[in-house]
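Since the structure comes first, as structure tokens, the remarks are kept for the end.
Please treat every number below as a calculation from the coordinates, not as lab data. Because the structure is a prediction, the values reported are computed rather than measured. So basically every Cβ, Gly included, is an ideal-geometry build from the backbone, and we count neighbours across all protein chains shown.
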Amino acid sequence: MSNSTVIEATYENGVLRPSQPLDLEEQQIVHLNLLSDPETNQHPHITQTANVCGGRPVIRGTRIPVKALIGYHRMNYTSTEILEGFPGLTTAQLYDALSYYYDNQAQMDADMAADELPQLLEKFDLEIDDNGVLRSASTR
């Protein structure tokens, strides 16, 4: 049975630099197991993929955007109410979404503000007339 030791090291410009000196014997075989970056594991239930929901953060394995869950949270829905509205969503996934939001609040708030009606109307040069009909703002 082999003895196992965990050594933290940084790989930079082709060189693996241990955080502390290693006491190795000549010709000793060393096995490396690469661990994921702790930053990527900080929110294990959240992922971002360019072709899913415009690259915005979603619950891993779903197309549920984090911002949708945050919207319900902001409207004072309880965790139980939010989970009832998203069958299959786990409590851990919901709380990870909330944690992700609070860890990235400024960026998330800016992203959600860009999706509000006034910003969308301006972005696409649209207006809503007195009858509630969406029209091009440039064809007045």
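If you go through the range 45-68 and keep only what is in contact with a strand residue (DSSP E or B) (Cβ under 7 Å, 6 or more places away or on another chain), of a type in the set (A, V, I, L, M, F, W, C) and free of Cβ contacts under 8 Å to residues at least 24 places away in the same chain, you end up with 52, 53, 58.
Pairs meeting the criteria (first residue in the range 69-92 and more than 15 Å from residue 45 (Cα to Cα) and in contact (Cβ under 8 Å) with a residue 12 or more places away in the chain, second residue exposed (fewer than 14 other Cβ atoms within 10 Å of the Cβ) and not polar (S, T, N, Q), beta carbons under 8 Å, at least 6 apart or on different chains) are 72/81; 72/85; 79/95. The set of residues in the range 106-140 being surrounded by fewer than 10 Cβ atoms within 10 Å (Cβ to Cβ), hydrophobic (A, V, I, L, M, F, W, C) and more than 15 Å from residue 70 (Cα to Cα) consists of 117, 133.
Reported count of residues in the range 105-140, each being outside any strand (DSSP E or B), among the small types (Gly, Ala, Ser) and farther than 25 Å from residue 48 by Cβ, is 3.
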